[in-house]
Amino acid sequence: MAQAPTSPQAPPPASTPLLQGFFRLTNVQKVVLLVGVAAAVAITVAFVSWARTPDYKVLFSNVTDRDGGAIISALQQINVPYRMSEGGGAILVPSDRVYESRLRLAQQGLPRGGSIGFELLENQRIGTSQFVEQVNFQRALEGELARTVQALGSVQGARVHLAIPRPSVFVRDQQKPSASVMVSLFPGRTLDPAQLAGITHLVASSVPELAPSAVTIVDQAGNLLTSNPAGRDGNAGLDAGQLKYLQAVEQNFVRRIEAILTPIVGPGNVRAQVTAELDFSTVEQTAESYKPNPVPEQAIRSQQTVETLGDNPRDASGVPGALSNQPPGAATAPLNAPAKGAPKGAQEPPPPGNSHREATTNYELDKTITHTRSEVGAIRRLSAAVVVNHRREVKEGKSENTPLPEAEIAQLTNLVRQAMGFNEKRGDTVNLVNAAFNEAERLEIEGPTLVAEVTQRLLGNMNTVLWTLAAIVAALFVYLMVLRPVLRDLALAGERDLAAQEAYAQAMAAAAAGGQGGGGGAGGGTGGGASPPIMTGGRGFDADLQAVKDLAKQEPQIVANVVKDWVGRE
């Protein structure tokens with residue numbers, strides 16, 4: 001009997017249908033399949049890697065060439081990946097390393113901003129004129145001030161212009177210097193009044209004889225950030241400092257009132273508002289007053305008395321002229337002059353003919369000099385409005401609001417007056433009202449739930465989440481549309497091959513059993529031996545099927561035994 005055709009390359013035994021299906025392919029088909037699977041895996045991995053590429057954000061923009069080169073060198077040293085935007089106007093780094101990179105570069109003094117400081121004066125040439133020296137010094141001072149202003153967190157860049165007049169001894173009225181500062185702010189950043197005042201005084205303190213009122217600050221949009229001091233003084237309203245002080249005073253009284261009433265009525269059951277009228281006027285007054293003249297015995301400052309006594313001169317007589325202008329005659333003493341201590345009744349000499357007396361007395365005067373300077377920001381009047389919620393009581397399982405009694409309202413009013421320093425002479429007023437609060441106002445603000453936090457985080461990283469989802473979808477697409485069909489076909493082919501091999505093995509076993517039982521009747525033509533095995537696999541399903549058909553034609557007894565065995569199993 002002729003032997004069935006055999007395959008020149010027998011496939012190795014496989015344990016799974018997938019491997020069996022792979023082994024039954026030709027070499028070209030195996031190479032093509034491996035190359036396709038490798039390409040699909042490589043594309044998937046590349047797409048996932050590209051999707052997981054970090055998002056690049058701007059580290060610095062509008063940097064000079066010198067600063068850009070220094071920044072790139074520093075980034076390479078600290079192993080930070082970077083990119084250059086189109087045109088080289090900005091340096092990009094991963095978003096999660098932006099702030100770290102800025103801090104590490106700031107430690108090295110980068111970027112320097114391109115401004116020139118006092119290093120301009122390091123290399124001075126011999127023979128430089130005084131004018132050039134002054135110009136270089138002014139440029140260096142402007143650069144140093146610009147660097148200092150750029151150190152602020154909200155300022156991205158700054159430029160300072162100084163107008164310093166040249167001093168001259170021939171000019172009586174010297175012109176004062178002035179300064180202009182232009183700041184470029186980061187997006188979304190602003191400068192508050194305190195920072196503007198700091199920049200103003202910083203520049204004014206760096207230039208001799210520069211007044212803060214002569215410093216002008218503008219932003220990159222050309223908006224004037226500093227107010228005009230002259231216009232502010234001429235305005236009858238309050239300036240920012242006075243308004244801030246007024247608000248602080250009112251809030252202080254509000255806190256006092258709420259602090260003293262909250263322990264009594266409970267938290268959240270009291271609302272207070274205070275309106276204060278303050279006196280910001282500056283008044284200085286000097287008064288000098290005198291009291292009425294005191295009695296002479298109290299205080300005599302000085303006293304002077306002048307007294308003049310003399311004889312009664314003779315009346316002028318005779319003809320005016322030289323004959324009448326003669327000296328008096330010789331004096332003669334009386335012969336009978338009364339003795340000293342003469343008895344009463346004796347004849348007294350006549351009184352002198354001329355007497356004069358002057359008395360001057362100076363008294364001390366009470367004088368009072370008073371210098372009064374009124375306090376700036378003194379309180380003129382206070383007005384307080386207080387609302388107290390009804391008392392909440394639980395009756396029979398229900399919550400009810402009960403108004404406060406009049407006596408308790410009076411006590412609360414007295415507490416408010418004492419807390420705010422009530423002064424009736426000043427015209428202060430207090431109005432305390434007991435009313436029911438709206439329940440919507442009492443609702444407490446609940447913290448964010450877990451779902452809200454997760455949603456917020458997802459929205460914050462939406463870009464990363466979208467790219468991750470796209471990578472997952474792409475991987476699933478490659479697996480479902482490419483790899484899975486190929487693997488399924490290979491598994492089906494392997495299952496068919498395994499089924500054919502199992503059928504062949506069963507046929508061989510049945511043939512062997514029949515040959516032993518029949519004494520070599522059917523198989524005698526073959527010399528008593530079994531038919532040679534038929535090798536399947538390696539040539540395709542059609543070739544294997546044809547080999548099995550040839551076997552059925554040549555050895556029908558074997559096929560009958562196989563069918564009989566299958567029927568017996570069922």
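Structure above, values below:
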item: Residue check, VAL93 among the β-branched types (Val, Ile, Thr), touching a Phe, Trp or Tyr at 6+ places or on another chain (Cβ under 8 Å) and free of Cβ contacts under 8 Å to residues at least 40 places away in the same chain; result: yes
item: Search result, residues across the range 210-240 that are among the hydrophobic types (A, V, I, L, M, F, W, C), within 16 Å of VAL183 (Cα to Cα) and either open to solvent by 80 Å² or more (accessible area, probe 1.4 Å) or modelled with pLDDT of 90 or more (or both); result: VAL215, ILE217, VAL218, LEU224
item: Pair list, Cβ under 9 Å, 6 or more apart: the range 353-380 residue under 17 Å from GLN303 (Cα atoms), other residue of a type in the set (Phe, Trp, Tyr) and part of a strand (DSSP E or B); result: LEU365/TYR290
item: Test: THR468 is of a type outside the set (Gly, Ala, Ser), modelled with pLDDT of 70 or more and over 40 Å from the mean Cα position of the chain (by Cα); result: no
item: Matching residues in the range 131-147 - criterion: being under 17 Å from VAL63 (Cβ atoms) and open to solvent by less than 60 Å² (accessible area, probe 1.4 Å); result: GLY143, ALA146
item: Tally of residues being more than 19 Å from PRO177 (Cα to Cα) and not in a strand (DSSP E or B) across the range 133-165; result: 8
item: Unmet requirement for LEU458, which otherwise passes all of (1) closer than 30 Å to PRO94 by Cα; (2) modelled with pLDDT of 70 or more; (3) of a type in the set (A, V, I, L, M); result: (2)
item: Any pair with Cβ under 8 angstrom, 6 or more apart, that starts in the range 391-415 at a residue that is more than 17 Å from GLU258 (Cβ to Cβ) and ends at one that is open to solvent by less than 70 Å² (accessible area, probe 1.4 Å) and in a loop (DSSP other than H, G, I, E, B); result: ARG391/LEU404; ASN401/ASN389; ASN401/HIS390; ASN401/ALA436; THR402/HIS390; PRO403/HIS390
item: Helices (runs of 4 or more DSSP H) (entirely within the range 1-85) containing at least 2 residues that are modelled with pLDDT of 75 or more and of a type in the set (A, V, I, L, M); result: 27-51, 65-77
item: Counted residues, the range 148-163 - those being open to solvent by 70 Å² or more (accessible area, probe 1.4 Å) and of a type in the set (A, V, I, L, M); result: 1
item: Scan of the range 397-407 for residues that are of a type outside the set (D, E, K, R) and at pLDDT below 80, ordered by number; result: GLY397, SER399
item: Strands (runs of 3 or more DSSP E) (entirely within the range 299-396) containing at least 3 residues that are loosely packed, with under 10 Cβ neighbours inside 10 Å, of a type in the set (Val, Ile, Thr) and at pLDDT 55 or above; result: 300-310, 367-373
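Let's see how each residue does on (1) at pLDDT below 90; (2) surrounded by 13 or more Cβ atoms within 10 Å (Cβ to Cβ); (3) in a helix (DSSP H, G or I):
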site	(1), (2), (3)
SER168	yes, no, no
PRO187	yes, no, no
THR190	yes, no, no
VAL203	no, yes, yes
GLN242	yes, yes, yes
GLU250	no, yes, yes
PHE253	no, yes, yes
ILE257	no, yes, yes
VAL274	no, yes, no
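The values are calculated or read from the model by the stated rules, or taken from the named source; none is laboratory data. Everything numeric here is computed off the predicted structure, so don't read it as measured data. Reconstructed Cβ throughout: ideal geometry from the backbone, glycine too, with neighbour counts over all protein chains shown. What goes into the accessible areas is simple: the full protein's heavy atoms, side chains included, and nothing from ligands, DNA or RNA. Shrake-Rupley method; radii C 1.70, N 1.55, O 1.52, S 1.80 Å.
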